[in-house]
Amino acid sequence: MAKKAAKTLATRNGAVLNRTHLITVSLHILYLLLHFIFQRPRSLKPYFFLAVPTLAIEFYLDRVGRPTFNEDGSLRSAGEDLSATGLTEYMWDVLYWTEGCIAAVCIFNDRAWWLWVVVPLYSVYLVYTTVMGVKKGFSGMGGAGAGGDGEDYEGPKSKTQLKKEKRGDKPRPKMMR
């Protein structure tokens, strides 16, 4: 069972990529059929501006995540983990949201492209929460107390410690045995 984790990752990546390609091709064909055959009032400008760049994202994910095999059929590389957090996760979010927007445009009309405005808003939200998290993380790095007044900071207190301080109990000295 050599490289079982790599084989599992390769199988999962291949299945995810194949499913994604099938959904993407189906949605794009449906949109173009509705546009050209049924002459529904759809503009191709938002389609090219919003949907076609996600094809570049999908190509990139395929490039880094597709497993490669040797001539004899053995696994050469499992590819990158497509369920990784960070930028990969954000690319999947953009890809799935765009596919949802294409489906909404097929069902409703071109006004459903306005749903795509959620992507930049989500990006702003992610940047804001990241900056605030970093800022909060740096706030306790003063060396002095948490208030910055030179006191030693002992960390958060438990409920029991807070109750004892409220009653005025003094800490008991530790007995040596």
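The values are calculated or read from the model by the stated rules, or taken from the named source; none is laboratory data. Here the structure is a predicted model, which means the values were calculated and not measured. Note that each Cβ is placed from the backbone with ideal geometry, even for glycine, and that neighbours are counted across all protein chains shown. Note: areas computed on protein heavy atoms with side chains; ligands, DNA, RNA excluded. Shrake-Rupley method; radii C 1.70, N 1.55, O 1.52, S 1.80 Å.
Under the condition of being touching a Leu at 6+ places or on another chain (Cβ under 6 Å) and open to solvent by less than 70 Å² (accessible area, probe 1.4 Å), the residues counted in the range 11-44 number 2.
Consider the range 33-72 and keep the residues that are without any contact (Cβ under 8 Å) to a residue 12 or more places away in the chain and not in a helix (DSSP H, G or I). The one that is nearest to Y90 (Cα to Cα) is T68. When W92 is tested against (1) exposed (fewer than 15 other Cβ atoms within 10 Å of the Cβ); (2) modelled with pLDDT of 90 or more; (3) within 14 Å of the chain's Cα centre (by Cα); (4) not aliphatic (A, V, I, L, M), only condition (1) is not met. The residues of the range 8-50 that are of a type in the set (G, A, S), out of contact with any strand residue (DSSP E or B) (no Cβ under 8 Å at 6 or more places or on another chain) and under 21 Å from L82 (Cα atoms), listed by number, are G14, A15.
Among the residues making up the range 106-140, a single one is in a loop (DSSP other than H, G, I, E, B) and open to solvent by 90 Å² or more (accessible area, probe 1.4 Å): F108.
The residue that is nearest to the chain's Cα centre (by Cα), counting only those in the range 45-81 that are over 29 Å from A5 (Cα atoms) and exposed (fewer than 13 other Cβ atoms within 10 Å of the Cβ), is P53.
What about A103, is it closer than 30 Å to S123 by Cα, out of contact with any strand residue (DSSP E or B) (no Cβ under 7 Å at 6 or more places or on another chain), at pLDDT 90 or above and not in a strand (DSSP E or B)?
In short, yes.
Within the range 9-21, residues that are in contact (Cβ under 8 Å) with a residue 12 or more places away in the chain and of a type in the set (S, T, N, Q) reach partners that are open to solvent by less than 60 Å² (accessible area, probe 1.4 Å) and part of a helix (DSSP H, G or I) with beta carbons closer than 8 Å, at six or more positions or on different chains, in the pairs N13/G65; T20/E58; T20/L61; T20/L95. Remark: pairs (first residue in the range 111-135, more than 16 Å from D93 (Cβ to Cβ) and among the small types (G, A, S); second residue at pLDDT 85 or above and in a helix (DSSP H, G or I); Cβ separation under 8 Å; 6+ apart in sequence or on different chains) = A112/C101; A112/A104; A112/V105.
Note on the range 78-100: residues that are under 19 Å from T24 (Cβ atoms) and part of a helix (DSSP H, G or I) total 13.
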